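I have placed the structure first, in the form of C-alpha cells, so that the comments after it can refer back to it.
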Amino acid sequence: MITVELPDGSKRTFESPVSVAQVAAAIGPGLAKAALAGRVDDRQVDLSHRIERDARLAIITDRDGDGLDLIRHSTAHLLAYAVKELFPDAQVTIGPVIENGFYYDFSYKRPFTPDDLAAIEKKMAELARKDEPVVREEWQRDDAVRYFESIGERYKAEIIASIPADQPIGLYREGNFVDLCRGPHVPSTGRLKHFKLMKLAGAYWRGDSNNEMLQRIYGTAWAKKEDLDRYLHMLEEAEKRDHRKLGTALDLFHLQDEAPGLVFWHPKGWILWQQVEQYMRRVYQDNGYQEVKCPQILDRRLWERSGHWENYKDHMFTTHSEHRDYAVKPMNCPGHIQIFNAGLRSYRELPLRYGEFGQCHRNETTGSLHGIMRVRGFTQDDGHIFCTEDQIQAECLAFTRLLQQVYRDFGFDEVIYKLSTRPEKRVGSDASWDKAERALSESLNAAGVAWEELRGEGAFYGPKIEYSLKDALGRVWQCGTMQVDFNMPERLGAEYVAEDNARRIPVMLHRAIVGSLERFIGILIENSAGAFPLWLAPVQAVVAPITDAQAGYASEIQQSLKKHGFRVESDLRNEKISYKIREHSLQKVPYVLVVGDKEKAAGTVAVRARGNHDLGVLPLPALIDRLRSEVSSRA
C-alpha cells in the first residue's frame, strides 16, 4: 500500500505504485484536466512520474507560479522544435526560463530575420495544435553523447559530455524532436497556447567572448490569453515611457559615445536631479544622519584590506601616480569607516549615522549599459550606520518606516520586502547571524509588512533586506537595501569604547533608499511618463501672453511667481496661443498661464492644467496658494 499526502493534509491510499496523473484523476476530473506536473516531496516531476513509496504530493496547475515557469520552459523547447523543423541545419544549445518568458540560443549559418521569427512562431502554433505527447526518457550519458553527435548537435553533445558518467541523462521527446532537459515539462504540446516571440539578440556560447556568437531568440508565454494581452500592452506602454526617448524629448539629458555609461545632464534634467537630491538631503537632516563627503580615489591597499580588490577589481577603474596604485571608488563604505576611525568613539555616540551623495564608478561592460538605468558613473544616496548588535532591530525598523514615507512622496505606494539570509560561505559566528537575521525579520514584522525569505542569498558578510517598488505599469524595481555587515568594520580596524571600557567592533549597516540617483530618476521618468508631479517638474508653469501687448504683464507674473519659489518661464514668442499651449502640453508642463487684455486689466491669469484641463481665471494670490499647496502635498 502507498499513501499519498496532499497539501490540505488529506491522504489517498493506493494498492500499487501510481503516477502523478493517476493521483490527480483520483482526486477529480477537473484537476486531472488542469494538471501540468507534480511536486513530490518538494521535487518537481512530470505527470508520468511513478510514486513507489509513501510521499507528499502537490499537483501543479497553471494557477501556480511553478506552473507558469513550467509552461515557459516547455515553450522554450517548442521554440527549438519549430526551429529544427524549419531550419534542420541549426544547432540548439540552451533555453532557460527568464522573467516573464524564456529564450533559446541557436547556432546557424546566417542571421535569423524578423520574417524568420514570424515563421518560427507560426510553426510553434502549428506544433502546439498537433498536441503531441511530451515524453521523458532516461539514457546513459555516453549513449546520449553519441546520439547528439550523430545528428550534428555538437553543443548538446558537449553539455552532456560534461555530466558525470554515472548520472542518468534526462531527454524529452515531442514528435521528431529530442532535447536534453532535467524537466519537468507539460504532458503535451497542446497545453502551450499563449506565447509570442519577442526579439533576436546575440550571445556567446557559455557566456565566453572567446567562443562562437550564437543567435538568441526571446519569447514570452502565459497561461491565459488575457495575461499575454495584458503583458504585450504593458510593453507597448513601456516603449512609450522609455526614459531614453523621454530624456531627449523633454531635454533632460543625453549620452554619447565619447563617454560611455556617463550622463550629460541638461539644465532641465539637472533641476530634476536637484529636486531629488535636496529632498533626500532633508531626509538625512530630519532623521539623525550626518552628511559626509569622501575622496573619489583611494589607495589600492585600502581596497585590498576592505576585501573589494579581491572580489571586485575587474569592475573597478584604476590609476597610478608616483609609484602608487589607486582605484576610483565603486562604493562608499570604506571611506565612511575612515571617518569613523578618525576619532576615538564611545558607545554613547552609537548609533552613528553617516550619509553621502557619493559618486561611484564601476567598469560595467558596454553590453550591460542601459540609458541612465545602468551606467558606469552614478551617485548613491548612500548611508552607513555604526551600531551595536542590540541596536540593529530598532535601526532597521526606523529605516523601513522612513523608506516607506520616501517612496510614498515619490508616488510609489506598493513596496515588496525580501529578507536574504546566510549563505554557506560567510564570515561571523552563527550566534551573530542568528541575532542579525532575527533583528531584521522582527523589524519587518514590527513594520506590519508581508515579506519573503530568500534563504541562503545574503552577502558573505551579513543578511540583508531588499526593498522593491512597483511602478504604474506593475513593473518591480529593486531600489532600497539594508545590509548587516560583521566583516568590513573588523577588516578596517573600526572599534568603539564599550560601557565596560573594553574595545568592541561596531556592526555596520549599509543602507540606501533610492539607490543610484540616475537609475531612480529613470524610474521616475518612466513611472510618470515624463509628467512629473508639480514639486519635481523642472518647469512648473509657463506664462503665455496672447499678443505682444501682454508681454510686459506676463513677465511681471513670471517674476512674482519666481519670488515665491516657483520654477516659471514666460513664452513671449510671436506665435498663436493655441500653438504655445500645445507645445507646452507636449513638454508636459504642469500649468500654462494664459494672459490676455482681460487678465491684464483684472490682474488675473487663465489657468490651464496639464491634460487640457481649463481651471478658469484666478487672481495671482489664489494661484500662488494653489501651487504652494500642491507642492507641499507632493500630490
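The values are calculated or read from the model by the stated rules, or taken from the named source; none is laboratory data. Source: prediction; values computed, not measured. Cβ atoms come from the backbone with ideal geometry, glycine included; neighbour counts cover every protein chain shown. These accessible areas exclude ligands, DNA and RNA; they are computed on the full protein's heavy atoms, side chains included. Shrake-Rupley method; radii C 1.70, N 1.55, O 1.52, S 1.80 Å.
The loop-placed GluC sites (Glu not before Pro) in the range 525-612, going by DSSP, that have at most 16 neighbouring Cβ atoms within 10 Å of their Cβ come out as GLU575. 3J(HN,Hα) couplings calculated from phi for the range 393-402 with the Karplus curve 6.51 cos²θ - 1.76 cosθ + 1.60 (θ = phi - 60°) are, in sequence order, 4, 4, 5, 5, 5, 4, 5, 4, 5, 5 Hz; Gly and Pro show x.
Ranking PHE520, THR547, LEU572 by how far each Cα lies toward the positive end of the dipole of the range 497-635 (charges on Cβ) leaves PHE520 at the top. Taking the centroid of alpha carbons for each part, the range 301-320 and the range 518-573 are 45 Å apart. Across the range 419-560, the mean sequence separation of Cα contacts (distance under 8 Å, 6 or more residues apart), normalised by length, yields a relative contact order of 18 percent. Note: relative contact order over the range 326-389, using C-alpha pairs below 8 Å and six or more positions apart, is 41 percent.
Which shape class, rounded, prolate or oblate, goes with the range 36-91 when its Cα gyration tensor gives a ≥ b ≥ c as root eigenvalues, a/c under 1.5 marks rounded, and past that a/b bigger than b/c marks prolate? Note, shape of the range 36-91 comes out prolate.
Each part reduced to its alpha carbon centroid, the range 204-266 and the range 11-28 end up 47 Å apart. Using only side-chain charges placed at the Cβ, +1 for Lys and Arg and -1 for Asp and Glu, the dipole size of the chain relative to its Cα centre rounds to 1220 debye. ARG282 sits among other residues whose Cβ lies under 14 Å from its own Cβ, and their net charge, with Lys and Arg +1 and Asp and Glu -1, is -3. Across the chain, C-alpha contacts under 8 Å between residues 6 or more apart give a mean separation that, scaled by the residue count, equals a relative contact order of 8 percent.
Charge tally for ASP390 (other residues, Cβ to Cβ under 13 Å; Lys, Arg +1; Asp, Glu -1): -1.
Residues whose amide H comes within less than 5 Å of that of ALA459, counting only those at least five positions distant or on another chain, are LYS464 (H built at 1.01 Å from N in the peptide plane). In a simple Cβ point-charge model (Lys, Arg +1; Asp, Glu -1; nothing else charged), the range 351-414 has a dipole of about 280 debye relative to its Cα centre.
Phi angles across the range 328-339 convert, under the Karplus curve 6.51 cos²θ - 1.76 cosθ + 1.60 with θ = phi - 60°, into 3J(HN,Hα) values of 6, 5, x, 7, 9, 4, x, x, 5, 5, 5, 5 Hz, Gly and Pro given as x.
Within straight-line reach of LYS435, meaning a Cα separation under 15 Å, sit the following aspartates and glutamates at least 8 residues removed in sequence or on another chain: GLU389, ASP390, GLU395, ASP485. In sequence order, the range 543-552 has phi-based couplings of 8, 10, x, 6, 9, 4, 5, 9, 4, x Hz under the Karplus curve 6.51 cos²θ - 1.76 cosθ + 1.60, θ = phi - 60°, and Gly or Pro positions carry x. Annotation note: trypsin sites (Lys or Arg not before Pro) in the range 111-216 located in DSSP loop regions with a Cβ neighbour count of at most 12 within 10 Å are LYS130, ARG182. Sorting ASP227, ASP597 by solvent-accessible area of protein heavy atoms yields ASP597, ASP227, largest first, with a 1.4 Å probe. Loop-located trypsin sites (Lys or Arg not before Pro) across the range 257-345 with a Cβ neighbour count of 16 or fewer within 10 Å are LYS293, with loop assigned by DSSP. Between the amide H of LEU615 and those of VAL607, ARG608, ALA609, distances stay under 5 Å, these residues lying 5 or more places away or on another chain, with hydrogens modeled in the peptide plane.
Just add up the charged neighbours of ALA21: K/R +1, D/E -1, any other residue whose Cβ is under 12 Å from the Cβ of ALA21. The answer is +1.
In summary, the convex hull built on the alpha carbon positions of the range 210-287 has an orientation-averaged projected area of 10.8 nm². Backbone amide hydrogens, once placed in the peptide plane, bring ILE98 within less than 5 Å of TYR103, excluding anything fewer than 5 places away on its chain. Each Lys and Arg adds +1 at its Cβ and each Asp and Glu adds -1 at its Cβ; summed about the Cα centre, the range 239-392 shows a dipole of about 180 debye.
Going through (i) 1.03; (ii) 1.15; (iii) 1.06, the figure that equals Rg/Rh (Cα atoms, Kirkwood Rh) as computed for the structure here is (i). For the residue pairs LYS11/LYS193; LYS470/LYS580; LYS562/LYS598; LYS193/LYS245; LYS240/LYS293, alpha carbon separations beyond 29 Å are given by LYS11/LYS193; LYS470/LYS580; LYS193/LYS245; LYS240/LYS293.
Listed by chain and number, the aspartates and glutamates whose alpha-carbon sits under 16 Å from that of LYS109, ignoring those within fewer than 8 places in the same chain, are GLU85, ASP89, GLU153, GLU212.
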